[in-house]
Amino acid sequence: MDANQDNIKCDIAIVGGGLSGGLAALALAKSRPELSIVLIDCADTFGGNHIWSFFASDIDAENRWLTAPLVTCGWSGYDVHFPEHSRTLDSIYYSIESERLHEVLMETLSAESIMLGQEVKSLSPRLVVMRGGKRINAKGVIDARGGGDMHHLDCGWQKFTGHMLQLEDPHEVRRPIIKDATVTQYDGYRFVYTLPFSMDKLFVEDTYYSDDPALDSDAMDQRIEDYIRANGWNVREVIRKESGVLPVVMDGNLDKYWASGSSRVAKIGARGGFFHSVTSYTLPDAVRTAIFLTEQNDFDGDRLNFILRKRANTHWNETSFYRKLNKMLFHASVPNERYKVLERFYKLSPDLISRFYAGESTAMDKTRILSGKPPVPIGKAIMALLRSSKK
């Protein structure tokens, strides 16, 4: 890497040090040490304020070396609860905390590769211009700064607020509760998500699949407190809070979405359309994309844009089934009865559920998901599927 105060030269500049950008930087640093990398973020730490969770089956066995150093907690099963159905599944489940992602990036990347607290003014396929005039000349630039312009996509919304709790006493939660939908349904499909990080430490998150992206933090905080009280947990301290609004994509125009930042710059993560349409999660696709980047021999910015745009298009086409499910969930279900769709889904086989979360549902899986007595009216389901997309 060649650098002076105002002009840096490198092989790859990754703009955005969140999950997707961070995983790409780690994969390249470990697998392609001959390449010079710069990872840029406007914050003072990488990763933001997040907990990312995933199933072991979301990641191919040969790629788990990338996520293994990041995992802060793991469990050998999880529970789901619905008004008429509860179940324990034995899938291995992991969580990554943003602090750990930052720590591993700081340990792995060279000092010259780390650019924190840097606001980006503009991007092109081979150039990043910072606020203040600093320039990064790269063979290729990758944009990993989160979602693009959602106006080009037809979306419902997944809204959440989570509290990490230090309790006064041990709790009795043995496994993650991925969905507790026995709670009162507000604002669409609602469930509470609980992770037992230790015998006296819990993460509790209130989540909604809603038509409206507006997030009422005060109401969600109060409902978390009500849930804590109902379970008899005595809180010593709220260690951290996080909240967010994620798109649940039903349809849209990928070409316009891709171009909403800069049509000529390569993109990964949510900005490139690499996410699961139902769960909104990016981690499985972020790992696959990071590994894909390590396998390239030419990192020219125009070529990166071409191959990642082609990859995004393939991903969009191959995941159309999940967007159709979202249409039925949001347009064929009464909002406060949407939980019935998920209640039925969690009665299916564990292997089918695992493949669904990984975004790798088979043709037989898709048939099985849609077969039997539907949890939504047939007429409304057909009308939902016929709704036109954004152009």
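The values are calculated or read from the model by the stated rules, or taken from the named source; none is laboratory data. For clarity, every value in this text was computed on a predicted model and none was experimentally measured. Quick reminder, even Gly has a Cβ in these numbers, built from the backbone with ideal geometry, and neighbours come from all protein chains shown. The protein model used for the area step is the full one, side chains on, heavy atoms only, and it has no ligands, DNA or RNA in it. Shrake-Rupley method; radii C 1.70, N 1.55, O 1.52, S 1.80 Å.
The set of residues from region 133-146 being open to solvent by less than 50 Å² (accessible area, probe 1.4 Å), outside any strand (DSSP E or B) and under 17 Å from G21 (Cβ atoms) comprises A144, G146. Within region 180-197, restricting attention to residues that are in contact (Cβ under 8 Å) with a residue 60 or more places away in the chain and open to solvent by 20 Å² or more (accessible area, probe 1.4 Å), which residue is nearest to G74 (Cα to Cα)? Checking each candidate, the answer is F197. Scanning region 134-146 turns up at least one residue that is modelled with pLDDT of 95 or more, polar (S, T, N, Q) and farther than 27 Å from I224 by Cα.
Residues of region 256-277 that are in a helix (DSSP H, G or I) and over 12 Å from the mean Cα position of the chain (by Cα): K256, Y257, W258, A259, G272.
The single condition from (1) assigned to a loop (DSSP other than H, G, I, E, B); (2) modelled with pLDDT under 95 that D298 fails is (2).
Checking each residue in region 157-190 for being aromatic (F, W, Y) and either at pLDDT 95 or above or in a strand (DSSP E or B) (or both) picks out W157, F160, Y189.
Given the criteria among the β-branched types (V, I, T), over 30 Å from F356 (Cβ atoms) and in a strand (DSSP E or B), does V128 qualify? For V128, the condition - among the β-branched types (V, I, T), over 30 Å from F356 (Cβ atoms) and in a strand (DSSP E or B) - is met.
For M130, the conditions (1) surrounded by 18 or more Cβ atoms within 10 Å (Cβ to Cβ); (2) within 23 Å of the chain's Cα centre (by Cα); (3) hydrophobic (A, V, I, L, M, F, W, C); (4) more than 30 Å from G252 (Cβ to Cβ) are fulfilled apart from (2).
Selection of first residues in region 148-170 that are more than 13 Å from T194 (Cα to Cα) and open to solvent by less than 30 Å² (accessible area, probe 1.4 Å) and of second residues that are among the basic types (K, R) and assigned to a strand (DSSP E or B), restricted to Cβ pairs under 8 Å at least 6 apart or on distinct chains, gives the following pairs, ordered by first then second residue: G148/K267; L167/K201; L167/R236. Has region 108-119 got any residue that is among the hydrophobic types (A, V, I, L, M, F, W, C), in a strand (DSSP E or B) and in contact (Cβ under 8 Å) with a residue 60 or more places away in the chain? Within region 108-119, one or more residues are among the hydrophobic types (A, V, I, L, M, F, W, C), in a strand (DSSP E or B) and in contact (Cβ under 8 Å) with a residue 60 or more places away in the chain. Search region 199-242 for residues being in a strand (DSSP E or B) and of a type in the set (D, E), and hand back the single one that is most open to solvent (accessible area, probe 1.4 Å). Among those residues, the one meeting the criterion is E237. List the strands (runs of 3 or more DSSP E) that sit entirely inside region 52-106 and contain at least 1 residues that are among the aliphatic types (A, V, I, L, M) and buried (at least 20 other Cβ atoms within 10 Å of the Cβ). In region 52-106, the matching strands (runs of 3 or more DSSP E) lie at 78-82, 93-97.
For region 25-37, the criterion of a residue being more than 21 Å from Q296 (Cβ to Cβ) and either of a type in the set (V, I, T) or surrounded by 14 or more Cβ atoms within 10 Å (Cβ to Cβ) (or both) is satisfied by no position.
Being aliphatic (A, V, I, L, M), in a helix (DSSP H, G or I) and open to solvent by 20 Å² or more (accessible area, probe 1.4 Å) is a property that A43 lacks.
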